[in-house]
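Take a look at the structure set out below.
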Amino acid sequence: MTDNTLSIEVRPAGQAASVIDIKGDVTADSEDVLTNAYTEASAQKIRAIVLNFTGLDYMNSSGIGLLVTLLVRANRQRQKVIAYGLNEHYRQIFQLTRLDEAISICDDEATALRTAGA
């Protein structure tokens with residue numbers, strides 16, 4: 001899945017989780033791509049969505065809003081949302097917006113998958 005500035009790959013991580021690999025920019029233009037990725041990731045009734053931000057180039061306030069929307073959808077499905085690969089700048093943004101209280105932040109994929117129970 002891709003738009004002009006965002007490329008997303010969804011991959012299973014055992015029976016408990018799916019990983020969404022994010023590469024590029026997450027902005028208002030990313031809504032359809034991110035929504036479709038979440039739908040694909042959730043297709044197997046998994047318990048956790050793991051967001052891989054190691055390829056993130058840029059995210060603005062609209063992108064943060066899309067993450068909130070994804071979080072709301074995941075909460076409705078009783079899924080955890082876990083993130084890893086955030087640089088220090090985006091970790092601070094997650095703290096300022098209090099997203100870190102709703103999305104578990106991990107240092108790497110192995111830790112994220114353990115947190116997911118995968």
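Read-outs throughout are calculated quantities, based only on the coordinates presented, and are distinct from any laboratory measurement. Keep in mind the model is a prediction, meaning the values are calculated, not measured. Backbone-built Cβ (ideal geometry, glycine too); neighbour counts: all protein chains shown.
The residue among L51, G117, G65 whose Cα reaches farthest toward the positive pole of the charge dipole of the chain, with charges on the beta-carbon of Lys, Arg, Asp and Glu, is G117. Take every Cα pair under 8 Å whose residues are at least 6 apart in sequence, average their separation, divide by the length of the chain, and the relative contact order is 26 percent. Under the combined filter of DSSP loop state and at most 12 neighbouring Cβ atoms within 10 Å, region 4-86 retains none of its chymotrypsin sites (Phe, Trp or Tyr not before Pro). Summing Cβ point charges (Lys, Arg +1; Asp, Glu -1) relative to the Cα centre of region 6-116 gives a dipole of roughly 640 debye. For region 1-88, trypsin sites (Lys or Arg not before Pro) meeting the loop criterion (DSSP other than H, G, I, E, B) and having at most 11 other Cβ atoms within 10 Å: K45, R78.
Spacing of the modelled spin labels on Y58 and E9, each 7 Å from Cα toward Cβ, amounts to 2.4 nm. Averaging Cα coordinates gives a centre for region 41-74 and one for region 86-106; these two points are 12 Å apart.
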